[in-house]
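In what follows, a structure is listed as C-alpha cells, so that the remarks can point back to it.
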Amino acid sequence: MVSIPECIWTAMLDAFAEAPPNVERVAYLDGVGAVGEGTVTTVTIPDADLHVGWYEVSAEAMSLAARHGRRYRLVRLAQVHTHGGSDCEHSPRDDQMAYSQRAGSLSIVLPHHARQRPAVIDARVHVRTDSGWDVLGAEMATKHVRSIPSVVNLRSTPWKPSRIGTKATREAFWRRWLPFRKSPSPSK
Ligand SMILES: [Zn+2]
C-alpha cells in the first residue's frame, strides 16, 4: 500500500495544470518506504517532452529526476501520467516506457489531463507483476494506493481573531495577556 497525502496530490495537480493544454503530463511520487509500500513525501516533475498522446522522459531527464532521491534517500513509489480522454489504460508504449519494470511498481493514469482534478480514488492504477503491467479494478486499486488527509481540523467553531487581539496597541496587548500570566507557584 502506498499512502499519498492530500497536500502532495494537490501539489501534483497544480503542477499538471501549468502544462500546455492537450499534452500528456507526467510526474513521479517519491517517498519513504519500499516499492509498493510507503508514504509519498515528494512530487517529482521530470523535464519530459510532452506531446499530444504521449510523453518522453530522456535518459538525462530521468537521471536528473533521480538526484534528490539519492540525496534524501527516497524511493520512487509511483508514476502518474495523464491521458486526454477518459480511457486510462496503459498503451503498449506506456507498458514499455514506464519508470520501472520492477514487480510491485505502480503506474497511475488520470483522465482528461487531470483538468477535473481527479481524486486518488478516480485514478486508474496499474501494477507491475512478473508477467507485465496489470490494470486494477477500483476495489483492487484501493489495496495499492490510498489518500491520507494532510490536515485534520476538529474545531467545532471557526477560528476568529479576538477583537482585543486585533488592536495593535500596547494597552490591548497587556489586557490580553496579563490575565493568563501564571504567578510563581510556591515551592513545595
Ligand atoms: Zn499513457
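Based only on Cα atoms, what Rg/Rh ratio does segment 70-171 have, Rh being taken as Kirkwood's radius?
My calculation puts Rg/Rh at 1.27.
What range in the chain is the longest one free of GluC sites (Glu not before Pro) that are in a loop by DSSP and have at most 14 other Cβ atoms within 10 angstrom?
The answer is 90-188.
Report the one residue of HIS83, ASN153, THR142 whose Cα lies farthest in the direction of the positive end of the charge dipole of segment 61-159 (charges on C-beta: Lys and Arg +1, Asp and Glu -1; origin at the Cα centre).
Result: ASN153.
Where the eigenvalues come from the Cα gyration tensor of segment 1-110, what are the semi-axes √(5λ) of the equivalent ellipsoid, largest first, in whole Å?
They are 21, 15, 15 Å, listed from largest to smallest.
Nearest-5 percent of antiparallel DSSP beta bridges in the chain?
So the antiparallel bridges amount to about 70 percent of the total.
Using the C-alpha atoms of the chain, what convex hull volume per residue, in cubic angstrom, is computed?
Cα-based convex hull of the chain, divided per residue, equals 239 Å³.
First measure r as the distance between the Cβ atoms of ARG71 and VAL151, then evaluate 1/(1 + (r/R0)^6) with R0 = 22 Å and state the FRET efficiency to the nearest 0.05.
0.20
For MET62 and ARG117, what does the FRET efficiency come to when R0 = 22 Å and r is the distance between their Cβ atoms, rounded to the nearest 0.05?
0.25
A short reminder: the numbers here are calculations on the coordinates, not readings from a lab. What you are looking at is a predicted structure, and each value in this text was computed from that prediction instead of being measured. Heads up, the Cβs are rebuilt from the backbone with ideal geometry, glycines too, and the neighbour counts pull from every protein chain shown.
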